[in-house]
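First the structure, which I've put down as structure tokens, then a few questions once you've had a look.
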Amino acid sequence: MLQPDMFQLMTAGDVSVRGCHEESPTGASEKQQKRRQSESEEGNPFSFSPQRLHLHRDHELFEDGDILRHMYLQDLYILEAEDKPTLSVSEFACHISGCSSVFSTLEEYEHHYNSLHRHVCCSCRRSLPNARLLDIHIQEWHDSLFTILAQRQDMYQCLVEGCGQKFRTTQHRKDHLIRIHKYPPDFRFDKTKKDKRTRETKTQQQKDAAMEVVDDVCESEGVCDVMCNVLSDQPEHEESMETHASEEEAARLAKSTEDLPAAAQGSDSTSSAPAKAQYSYRVPPAVCFGHGSVRGFRGRRGRRK
Amino acid sequence: MWRLNKVRYKAGRQGDSLEELRLKRREHERTLRQARRDRQLVSKRLLLNEDEEQQDITMDTTPGEQDVVSLVHKLQHSGPEKEANLKALSKALRDPSAQLTFVKLENSVHLLVGLLTSSNAQCRLQAVQCLHELSHSPHKNVAPACLPATSYLLTYLSGPSTKFSELCLYTLGNICPDSDAVKEKLLAQGIIPALATCMENQRHNLAVVEAVGFTLSQLLQTKDAAVKIIPMVLASTLPSNLLSVLTPDPKFGLAPAIECAWCLHYLTSSSKDNRELLCRGALVQCSSLLVSLGRAVAEGNKDEGLELLVCPVLRCVGNLLFSCPVEGLSTQVGDVHLVVALCGLVQAYLHTQPALAREAAWVLNNLTAHSSQFCSALLTLNLVPGLIQLLRFSQGINTMILRILANIAHKKQEFCIQLTQLGLLSVLCATLKMVDQEMVTLSLDVLFMLVVSSPQVAAEFVNQGGLSLLEAIQYNGEGDRRRRATYLLEQHLLSYRL
């Protein structure tokens, strides 16, 4: 049933329409011409032009209607069909390369995207829960200037926003987070490169293995585009904030912060490390390189809801 | 007002539960779909006698092949009970295996042909009834056996008896798709001119018109129809007569209009050049009918079977629009009532017959592609918000609707601004994330047109977080989509980037 105003429109007499009656596809107002001009600029990939479509009688678009017709001819037509054909709503697909997730609602899509793809470090493809932590991560992991300065002064920021304190080592920062900000001691703090060997023996932290992953990736030559696959399904390579094996973790971790180890990086970044690297694609090409994002990541892949 | 007077439903055997019926129906539908995909979709029609119409068609009992043999025997040796025997024979021939038996009997068909020309009117009627039963046979070999009778059937087409003419017509219609040989023979025997004459003479007799329509539609669906049949049809009086019957008669119902509309659909969809039909006023007629149908549907008209007519008429309008010169558009389709009707049909059928809604959207695309007038009408009559709502639905509906919106945007900047004011930008931010790649590309196309139309639109898009969306496509998309996103970001949104 239509809205009342539509019904009115249909039964009304002549409906006069104000406006241009020009119908020729070639005629154009000045403004139209201007746009056409820009469209014919070199390199313009936009090629849409209105088109009338002729559908041949065998076209698949006509299938349902044809079936209806023949059901009627064969006396199989039911006036009120019991099985109503279902109208389907379009699904949403994550377009990040390598991520093949599909969602039935926009909300699910947004949640997925925000959890896994928004704050991604281009160098190591880690996904961070927010922009600030991404900044800190990049600074501590991929900025050689930071590494140099950290040898002489307190550089490791407290992860809690607004605190402002800085520490000499990640351990100090961790202690601060536990003592002052009441972080659970068994919270998944990451290890620094230096600490790696001493902590290897501790079995309670399954996440130690993540260090290797870090190294691998940081030295990897991955291209920026492959993001999601690499990060989404990593149950065995947990680092506190950086990889999300599941979305509930993502939700939990969104509140907390991480202990970010510094990694000596070597040649890959300059002092002008990207300031706003929220999205991988914002990182200048100089910092991202190669292919190899897949190296070191062994985890579930595929569709997730 | 418009009814489908006779809609028979093969209820199946008695004792079938509702669930069994449903299963059977679904099975039938599956078979039909497969047949269509194999380009083998053919149907036959069975004309029932009045006393049969309330009953089930399929009969439980098989009269037995012996009956057929003995009846034929009796008929061959004349006798006073010819009529009764013939009637019994026609009933017996309802059964498929009896049909097979019959045609295998020597001279059986010739017997019938002889009776077709009998001086006894009842005998003639019963004889043609027998042939009709044979023509409806599911066995491939049976219907061609009726060939010897066809020249007679053709001559009887315009006879005085409605029932007789109907039976002749449906018999011919049933057998012509069965084999190429049959079809060739019928063409050679002049079936097209015969149909044209019949239609011309019997225009007032809607039952016959319906039968002619059916038979013609069977011919038009055959494989080489575009080459062998359509030119002849177009050259005859058939198109004009088909058009004149299009508007359904309130008393008789929808059936004749349905048949004629399907004929017109086969005519318009087999070739891209429909100037011949346009000259005969086909688009004028069909679009005005579509407006009436749209009105009926909008009124909540629950007329049974209306979609059986809406479907072919929609298709005719859609394909005729393709051939219609743009300058003459408004003289052909009238004013904007058609636009309203089409939007109404899309909404009305969206949930019950999504395919029909999609076809209506297709017609709307063809209407708006090269016409500022109709694009403007969509805006002025406030039909665009309703269209935007439809962008959520898949199965080809959203892509078609987006094309329509793109048609509007393409016309002028002012339309772009209006579209933006109606909230199209935020919806595009959603459609850019859809699974269907064609949707994504089209969305980018529309976005481009909107963004270049004015700086305000560009700013609005950026406010809605559009930049990161485009960047995601730029870095992760493929080919067409990546190029479009890149171009948009670098050429038109550069100043908005951080």
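The values are calculated or read from the model by the stated rules, or taken from the named source; none is laboratory data. Just so we're clear, the structure is a prediction, and the values are computed from it rather than from any experiment. Every residue, glycine as well, gets a Cβ built from its backbone with ideal geometry; the counts of neighbours run over all protein chains shown. These area figures cover heavy atoms from the full protein model, side chains too; ligands, DNA and RNA do not enter into them. Shrake-Rupley method; radii C 1.70, N 1.55, O 1.52, S 1.80 Å.
Restrict the check to the stretch B:462-471 and report whether at least one residue is facing chain A (nearest Cβ under 8 Å), farther than 21 Å from A:His117 by Cα and open to solvent by 10 Å² or more (accessible area, probe 1.4 Å).
No; the residues of the stretch B:462-471 include none that is facing chain A (nearest Cβ under 8 Å), farther than 21 Å from A:His117 by Cα and open to solvent by 10 Å² or more (accessible area, probe 1.4 Å).
In the stretch B:340-376, which residues are closer than 19 Å to B:Asn301 by Cα and of a type in the set (Val, Ile, Thr)?
Across the stretch B:340-376, the qualifying residues are B:Val340, B:Val346, B:Thr352.
Please verify whether the stretch A:145-163 includes one or more residues that are part of a helix (DSSP H, G or I) and buried (at least 23 other Cβ atoms within 10 Å of the Cβ).
no
Taking A:Leu134 as meeting all but one of (1) open to solvent by 10 Å² or more (accessible area, probe 1.4 Å); (2) more than 30 Å from B:Ala225 (Cβ to Cβ); (3) part of a helix (DSSP H, G or I), write down the number of the exception.
All conditions pass for A:Leu134, except number (1).
For the stretch B:360-382, enumerate the residues that are in contact (Cβ under 8 Å) with a residue 12 or more places away in the chain, surrounded by fewer than 24 Cβ atoms within 10 Å (Cβ to Cβ) and more than 7 Å from every other protein chain (Cβ to nearest Cβ).
Within the stretch B:360-382, just B:Leu379 meets the criteria.
Let me ask something else about it. Which one of B:Val233, B:Val245, B:Val227 is without any contact (Cβ under 8 Å) to a residue 40 or more places away in the chain and β-branched (Val, Ile, Thr)?
B:Val227
Just for the stretch A:111-122: of the residues that are in contact with a Phe, Trp or Tyr (Cβ under 9 Å, 6 or more places away or on another chain) and surrounded by fewer than 20 Cβ atoms within 10 Å (Cβ to Cβ), which one is modelled with the highest pLDDT?
A:His111
Examine the stretch B:191-204 for a residue that is closer than 30 Å to B:Phe102 by Cα and open to solvent by 10 Å² or more (accessible area, probe 1.4 Å), and state whether such a residue exists.
yes
Among the residues of the stretch B:261-313, count how many are in a loop (DSSP other than H, G, I, E, B) and either at pLDDT 95 or above or more than 21 Å from B:Tyr349 (Cβ to Cβ) (or both).
Selection size over the stretch B:261-313: 7.
Among the residues of the stretch B:246-283, what is the count of those that are away from every other protein chain (no Cβ under 14 Å) and either among the hydrophobic types (A, V, I, L, M, F, W, C) or under 18 Å from the mean Cα position of the chain (by Cα) (or both)?
Going through the stretch B:246-283 one residue at a time, the tally reaches 6.
Residues are listed down the side, and each one gets a yes or a no for (1) within 14 Å of chain A (Cβ to nearest Cβ); (2) over 16 Å from B:Phe164 (Cα atoms):
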| site | (1), (2) |
| --- | --- |
| B:Val209 | no, no |
| B:Gln221 | yes, yes |
| B:Ala225 | yes, yes |
| B:Leu234 | no, yes |
| B:Asn241 | no, yes |
| B:Ser244 | no, yes |
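Then there is this: Report the residue count in the stretch B:295-335 for those that are at the interface with chain A (Cβ under 8 Å from one of its Cβ atoms), within 20 Å of A:Arg52 (Cβ to Cβ) and crowded, with 24+ Cβ neighbours inside 10 Å.
Result for the stretch B:295-335: 6.
List the residue pairs whose Cβ atoms are under 8 Å apart, where the first residue sits in the stretch A:103-114 and is in contact (Cβ under 8 Å) with a residue 60 or more places away in the chain, the second is in a helix (DSSP H, G or I) and among the acidic types (Asp, Glu), and the two are 6 or more positions apart or on different chains.
Short answer, once both residue conditions are applied: A:His111/A:Glu247; A:His112/A:Glu247.
Ok, one more. Restricting attention to the stretch B:423-434, does a residue exist that is free of Cβ contacts under 8 Å to residues at least 40 places away in the same chain, among the aliphatic types (A, V, I, L, M), open to solvent by 10 Å² or more (accessible area, probe 1.4 Å) and more than 8 Å from every other protein chain (Cβ to nearest Cβ)?
yes
How about the stretch B:97-113: which of its residues are part of a helix (DSSP H, G or I) and open to solvent by 50 Å² or more (accessible area, probe 1.4 Å)?
B:Lys104, B:His110, listed by residue number.
Now a separate question. Taking the stretch B:336-351 only, how many residues are at the interface with chain A (Cβ under 8 Å from one of its Cβ atoms) and assigned to a helix (DSSP H, G or I)?
7
Just to be sure before I move on: is B:Thr162 under 26 Å from B:Asn49 (Cα atoms), hydroxyl-bearing (Ser, Thr, Tyr) and open to solvent by less than 10 Å² (accessible area, probe 1.4 Å) in the structure I sent?
No.
Residues that are in a helix (DSSP H, G or I), open to solvent by 20 Å² or more (accessible area, probe 1.4 Å) and modelled with pLDDT under 95: does the stretch B:352-359 have at least one?
no
Name every residue in the stretch B:211-232 that is crowded, with 22+ Cβ neighbours inside 10 Å and assigned to a helix (DSSP H, G or I), in order of residue number.
B:Ala211, B:Val212, B:Gly213, B:Phe214, B:Thr215, B:Leu216, B:Ser217, B:Gln218, B:Leu219
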